[in-house]
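Worksheet: the structure to be examined is printed underneath.
The values are calculated or read from the model by the stated rules, or taken from the named source; none is laboratory data. From a predicted model like this one, the values you see are computed outputs, not experimental measurements. Heads up, the Cβs are rebuilt from the backbone with ideal geometry, glycines too, and the neighbour counts pull from every protein chain shown. Accessible surface areas use protein heavy atoms only, side chains included; no ligands, DNA or RNA. Shrake-Rupley method; radii C 1.70, N 1.55, O 1.52, S 1.80 Å.
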Amino acid sequence: MKIDIVTIFPEIAEAPLKSSIMGRATDAGIVEFGFHNLRDFTKDKHRQVDDIPYGGGPGMVMKAEPFFDAIGKLKTDRSKVLLMTPQGTPFVQAKAVEFSRIDHLIILCGHYEGVDHRVVEALVDEEISIGDYVLTNGTIAAAVVADAVVRLIPGVLGDDASSEVESFSGDGKRIEAPQYTRPADFRGMMVPDVLLSGHHQAIAEWRDLRAEERTRENRPDLLD
Ligand code: ADE
């Protein structure tokens, strides 16, 4: 899979996506990241990527032309183009699964008050938001999406099963049961006996129950 990220801050995406598991997936040739500076697609000497909004209002709007030129260079028949924006559809695990099956993602990152809407109309397949809050720029959101997608590609996680039993996977309706590791007695706080019992059926039932309780407590919206 190839993921191209187009942003005025490539270094923000590079830091998380060149480290740890993403870095190893790149070294193994499972994913190829391209980090592209939007200013490299400008033609004026000031490398200007934004301008004042038509109709007035605060802030600046990102210009259409650098995005059109970036897409002109990067897009192929197999590309899907995303725009990171708080006005997008919510990014959820099912979306991560869907995107993990695509050959080539191009992720455009907004900044300032928004992006000239002709970019959305002519170039973008999906506008994506990572949550109902506003970041200073979409590059942070692009790194979140790329990480969530790439970790699902077979071979990226050491133990492929670990992405199958986790929160939001399967029917997406539950979060995971709590986990513990050694020591069994940590400052008087004990690991539940059942987890030390070696009784697989009882452990599975306990995890089921606790997953349900934890979902009701932390994410009642998933149960509606
Ligand atoms: N850019 C700013 N805030 C964002 C968000 N919540 N999701 C995606 N892109 C963004």
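By per-residue mean of other Cβ atoms within 10 Å, what is the highest-first order of 128-140, 4-16, 53-65? Each step should come with its number before you reach the end.
Values: 128-140: 16.5, 4-16: 19.8, 53-65: 13.0.
In decreasing order of mean packing, 128-140, 4-16, 53-65 become 4-16, 128-140, 53-65.
When only C-alpha pairs under 8 Å and at least 6 residues apart count, what is the relative contact order of the chain, in percent?
20 percent
For segment 59-209, what log10 I(q)/I(0) values come out of the Debye formula at q = 0.11 1/Å, with one point per alpha carbon and no solvent?
Log-scaled intensity ratios, in q order: -0.59.
Evaluate the distance, in nm, between pseudo-label points positioned 7 Å from the Cα of GLU213 and of THR136 along their respective Cα→Cβ axes.
If labels sit at GLU213 and THR136, their model points lie 4.2 nm apart.
Please identify the DSSP H helices in the chain that span no less than 27 Å along the helix axis (Cα) and have a mean Kyte-Doolittle hydropathy of 0.5 or more.
Passing helices, by number: none.
Only helical DSSP H runs with n ≥ 4 go in: add -39500 (n - 2.57) per run for the chain, normalise by residue count and round the 222 nm mean residue ellipticity to 500 deg cm²/dmol. Walk me through the intermediate numbers first.
Numbers: 9 runs with 82 residues, N = 224.
The helix-only estimate for the chain comes to -10500 deg cm²/dmol at 222 nm.
Just the accessible area per residue of the chain, please: how many Å² with a 1.4 Å probe?
It amounts to 59 Å² per residue over the chain.
Just to make sure I understand: if all protein chains stay in place, what is the order of ARG24, ARG151, ARG219, ARG182 by accessible area at 1.4 Å, largest first?
ARG182, ARG24, ARG219, ARG151
Describe numerically, in nm with one decimal, the distance between label points set 7 Å from Cα along Cα→Cβ at ASP44 and at ARG187.
5.8 nm
Write out the trypsin sites (Lys or Arg not before Pro) in segment 65-114 meeting two conditions: DSSP loop, and at most 16 other Cβ atoms within 10 Å of their Cβ. Please list the in-between numbers first.
Details: sites: LYS73, LYS75, ARG78, LYS80, LYS95, ARG101; in loops: LYS75, ARG78, ARG101.
When the trypsin sites (Lys or Arg not before Pro) of segment 65-114 are filtered for loop state and at most 16 Cβ neighbours within 10 Å, LYS75, ARG78, ARG101 remain.
Cut-off under 26 Å on the C-alpha distance; same-chain residues fewer than 8 positions from LYS45 excluded. Which lysines are left, in chain and number order?
Cross-link targets: LYS63, LYS73, LYS75.
Using a Cα-Cα cut-off of under 17 Å, which aspartates and glutamates could be cross-linked to LYS43, ignoring same-chain neighbours fewer than 8 residues away?
ASP51, GLU65, ASP69
Leaving ligands, DNA and RNA out of it, report the carbon-plus-sulfur percent of the accessible area of the chain at a 1.4 Å probe. Spell out each step's value before the answer.
Values: 6770 of 13210 Å².
Accessible surface attributable to carbon and sulfur in the chain totals 51 percent.
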